[in-house]
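Structure record follows, encoded as structure tokens.
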């Protein structure tokens, strides 16, 4: 078959053009992927460096949240599981912690996927003790503050059973 006819020449040009465009698209895609990977790698390095820092204790006089009119939540005031979870949400707002931030800060304390935390903060039942501890550590509470929260959780769990 000789490439003399117009249709054959046109088909040959289309094939070469399509192959060139495909190769060009492949190169561009590879460059975009490399750029994304470089950004992701630098982000992960920063995140790991930040995760090694010790969690900060909450100072009642200087809340870390944007909304400075929020009082520090007191878990001892909660009487039901629903109220306790509400206090957890208030603590999250008080500290200015995001779900992704909690996930990253809890990395050196244990597993705290943001989806698991999101589910726990939406439920009306008490969170598991380990999840509560990881959440409180991610929020930057001291061991004494964590003990108060865990004590309140145990009290509510006992009251709900009896």
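So the check is Cβ under 6 Å with 6+ separation or different chains; which pairs have a first residue in segment 29-49 that's surrounded by 10 or more Cβ atoms within 10 Å (Cβ to Cβ) and a second one that's assigned to a helix (DSSP H, G or I) and at pLDDT 75 or above?
47/104
Which of the residues belonging to segment 74-103 are closer than 12 Å to residue 136 by Cα and not in a helix (DSSP H, G or I)?
97
Please go through segment 132-160 and pick out each residue that is over 14 Å from residue 75 (Cβ atoms), surrounded by fewer than 20 Cβ atoms within 10 Å (Cβ to Cβ) and either in contact with a helix residue (DSSP H, G or I) (Cβ under 7 Å, 6 or more places away or on another chain) or modelled with pLDDT under 90 (or both).
Of everything in segment 132-160, those that are over 14 Å from residue 75 (Cβ atoms), surrounded by fewer than 20 Cβ atoms within 10 Å (Cβ to Cβ) and either in contact with a helix residue (DSSP H, G or I) (Cβ under 7 Å, 6 or more places away or on another chain) or modelled with pLDDT under 90 (or both) turn out to be 140, 160.
Mind counting the residues in segment 105-128 that are farther than 16 Å from residue 80 by Cα and part of a helix (DSSP H, G or I)? Quick ask: steps written out before the conclusion?
To start, the set of residues in segment 105-128 that are farther than 16 Å from residue 80 by Cα comprises 105-119.
Add one more test, that the residue is part of a helix (DSSP H, G or I), and what stays is 105-108, 114-119.
Residues meeting the conditions: 10.
The values are calculated or read from the model by the stated rules, or taken from the named source; none is laboratory data. Small disclaimer: the values here were computed from a predicted structure and weren't measured. Cβ coordinates were reconstructed from backbone atoms using ideal geometry, including for glycine residues, and neighbour counts include every protein chain displayed.
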